[in-house]
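Asker: Before anything else, here's the structure in question.
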Amino acid sequence: MATNPPTTPQGDAYVFPSHRITRKMRDESRTPVVLVACGSFSPVTYLHLRMFEMARDYIKQQSQFEVVGGYLSPVNDEYKKPGLLSAAHRVNMCTLATELTSNWLMVDPWEGLQAKYQPTAVVLDHFDKQVNEVLGGIELTNGTRFIMHPHILFPINQPFPFS
């Protein structure tokens, strides 16, 4: 039995946000990576955004990866955290925060639009499918495509797995 694709609170069909993803590698000696942070973001804070900037800076200076995009993925309402605002409100807050403060971060509402809570591994599979299958991966300067691997962004007090 086929299921209907998720829709936004306004009733629009879901579209993967890709307006800020780098579609062509700048440095082909590196491996493309998309940073993903799943969380309640109730509310989104300055430190959530700084976490991405710190991770991108570290990766650029200390690894063989090139960050081609970053996503906040607000958790589904079924997460049942006390005081959790609706996914629609949290997606809107995150969108305002990223659009007003960043030129590379985006918000993917997919996780919040699902009928039930999604484990992080399922969310990462979603990003893998959207970037690699739907968008076709990341293009190299010679026109070939490179398969990108999404990486979960850990809290600031955890070591980065990019060494």
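Asker: Restricting attention to the stretch 45-56, does a residue exist that is open to solvent by less than 50 Å² (accessible area, probe 1.4 Å), among the aromatic types (F, W, Y) and touching a Gly at 6+ places or on another chain (Cβ under 7 Å)?
Answerer: yes
Asker: Let me ask you something else. Kindly indicate whether L96 is closer than 15 Å to V33 by Cα, within 16 Å of the chain's Cα centre (by Cα) and modelled with pLDDT of 95 or more.
Answerer: It is false that L96 is closer than 15 Å to V33 by Cα, within 16 Å of the chain's Cα centre (by Cα) and modelled with pLDDT of 95 or more.
Asker: Which of (1) surrounded by 12 or more Cβ atoms within 10 Å (Cβ to Cβ); (2) more than 21 Å from Q114 (Cα to Cα); (3) modelled with pLDDT of 95 or more is the odd one out, the single condition Q64 does not satisfy?
Answerer: (3)
Asker: Are any residues in the stretch 140-154 farther than 17 Å from G70 by Cα, open to solvent by 50 Å² or more (accessible area, probe 1.4 Å) and either touching a strand residue (DSSP E or B) at 6+ places or on another chain (Cβ under 9 Å) or of a type outside the set (V, I, T) (or both), and if so, which ones?
Answerer: Result: T141, N142, R145, F146.
Asker: I want to confirm something. Restricting to the stretch 9-38 and keeping residues that are at negative phi and free of Cβ contacts under 8 Å to residues at least 40 places away in the same chain, which single residue is most open to solvent (accessible area, probe 1.4 Å)?
Answerer: Q10
Asker: Now for a different question. If a residue must be within 11 Å of V36 (Cβ to Cβ), hydrophobic (A, V, I, L, M, F, W, C), out of contact with any Ser or Thr (no Cβ under 7 Å at 6 or more places or on another chain) and modelled with pLDDT under 85, how many such residues does the stretch 125-153 contain?
Answerer: 1
Asker: State which residue pairs qualify: first residue closer than 13 Å to S29 by Cβ and in contact (Cβ under 8 Å) with a residue 60 or more places away in the chain and inside the stretch 54-65, second residue outside any helix (DSSP H, G or I) and of a type in the set (F, W, Y) in any location, beta carbons under 9 Å apart, and separation of 6 or more residues or different chains.
Answerer: S63/F160; S63/F162; F65/F162
Asker: Same structure again: Residues of the stretch 115-136 being open to solvent by less than 40 Å² (accessible area, probe 1.4 Å), in contact (Cβ under 8 Å) with a residue 40 or more places away in the chain and assigned to a loop (DSSP other than H, G, I, E, B), which ones?
Answerer: Q118, L135
Asker: Go through (1) farther than 16 Å from H149 by Cα; (2) outside any loop (DSSP other than H, G, I, E, B) one by one and return the number of the condition G70 breaks.
Answerer: Among (1) farther than 16 Å from H149 by Cα; (2) outside any loop (DSSP other than H, G, I, E, B), the lone unmet condition for G70 is (1).
Asker: Further question on the same structure: In the stretch 4-34, which residue that is under 12 Å from D108 (Cβ atoms), under 12 Å from the mean Cα position of the chain (by Cα) and aliphatic (A, V, I, L, M) is modelled with the lowest pLDDT?
Answerer: Residue satisfying both the conditions and the ranking: V34.
The values are calculated or read from the model by the stated rules, or taken from the named source; none is laboratory data. All values reported here derive from a predicted model rather than from experimental measurement. Every residue, glycine as well, gets a Cβ built from its backbone with ideal geometry; the counts of neighbours run over all protein chains shown. Keep in mind that these areas ignore ligands, DNA and RNA; they rest on the heavy atoms of the full protein, side chains included. Shrake-Rupley method; radii C 1.70, N 1.55, O 1.52, S 1.80 Å.
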